[in-house]
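The values are calculated or read from the model by the stated rules, or taken from the named source; none is laboratory data. Predicted model only: the values in this text are computed from it and were never measured. Because the Cβ atoms are built from the backbone with ideal geometry, glycine has one as well, and the counts that use them run over all protein chains shown.
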Amino acid sequence: MEQIIAFCKEYFIEFNWISVIVRIMLAVILGGIIGSERGKNGSPAGLRTHILVCVGAAMTALISVYIAQIGSSGDIGRIPAQVISGIGFLGAGMIIVKKNNVITGLTTAAGMWATATIGIALGYGFYLGALIATGACIFTAAFLTRLERRRKKSMHLYAEICQAESAGSITDEIRKMLGHEVLIEVSSARSGIHGNIGLYITANTHNNDTSCRERIEEINGIYFVISE
């Protein structure tokens, strides 16, 4: 037991090259877990972006610890503190105001900020906090999103266009069909078929899901429609 404790202390808690590698690799893994969840929901900030943010944040904390290790004086929390405020500029690029004054991207921006704090925690060796925070982020983004959608009583459909040149006219036709209170987000195609375009459609529940799906499927250029 004492050998296990000594091993963990040497390679996880103390600052050395092995612990640095462990912390950076965990930043890649945990950042990737959050990024993959956001990416599959059509977010512009997916796997690679979240990994880079988490690794970068971890490096700022590691640099601060390294500076303290070589005997330099100063506040080791100063450099990571700039990440907390600076990440806001990156997150701001994720927030988009649509033509109908609907704001999207807030969840992604908040997730980027949370991923940065997880990276800082890993850089300092606060593994338990980073793991718990990652679990909380996944639970919030994946499961609470579904609950929130149900509470808002909205209809969510995913459609795929096989005629990219007709995307504008198709979205206009969907808006006329579902009314003004509809949000259409364009994304990459889930099917992976070259040339196809994905559409995430959100509308009020005064529209029947089944009938709306069938009507949208009848539009020329629509490849398929599924309920979310």
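Scanning segment 162-188 for residues that are exposed (fewer than 14 other Cβ atoms within 10 Å of the Cβ) and either under 15 Å from VAL225 (Cβ atoms) or at pLDDT 80 or above (or both) yields a count of 6.
Comparison of ALA92, ALA45 shows that the only residue that is at pLDDT below 80, closer than 26 Å to THR202 by Cα and surrounded by 15 or more Cβ atoms within 10 Å (Cβ to Cβ) is ALA45.
Yes or no: ALA159 among the small types (Gly, Ala, Ser), over 30 Å from ALA116 (Cα atoms) and at pLDDT 80 or above?
Spelling it out, ALA159 is indeed among the small types (Gly, Ala, Ser), over 30 Å from ALA116 (Cα atoms) and at pLDDT 80 or above.
Of the listed requirements (1) touching an Asp or Glu at 6+ places or on another chain (Cβ under 8 Å); (2) modelled with pLDDT under 80; (3) under 15 Å from ASP172 (Cβ atoms), SER227 misses just one: (3). When restricted to residues that are farther than 24 Å from THR210 by Cβ and touching a residue at least 24 places away in the same chain (Cβ under 8 Å), segment 170-197 contains 3.
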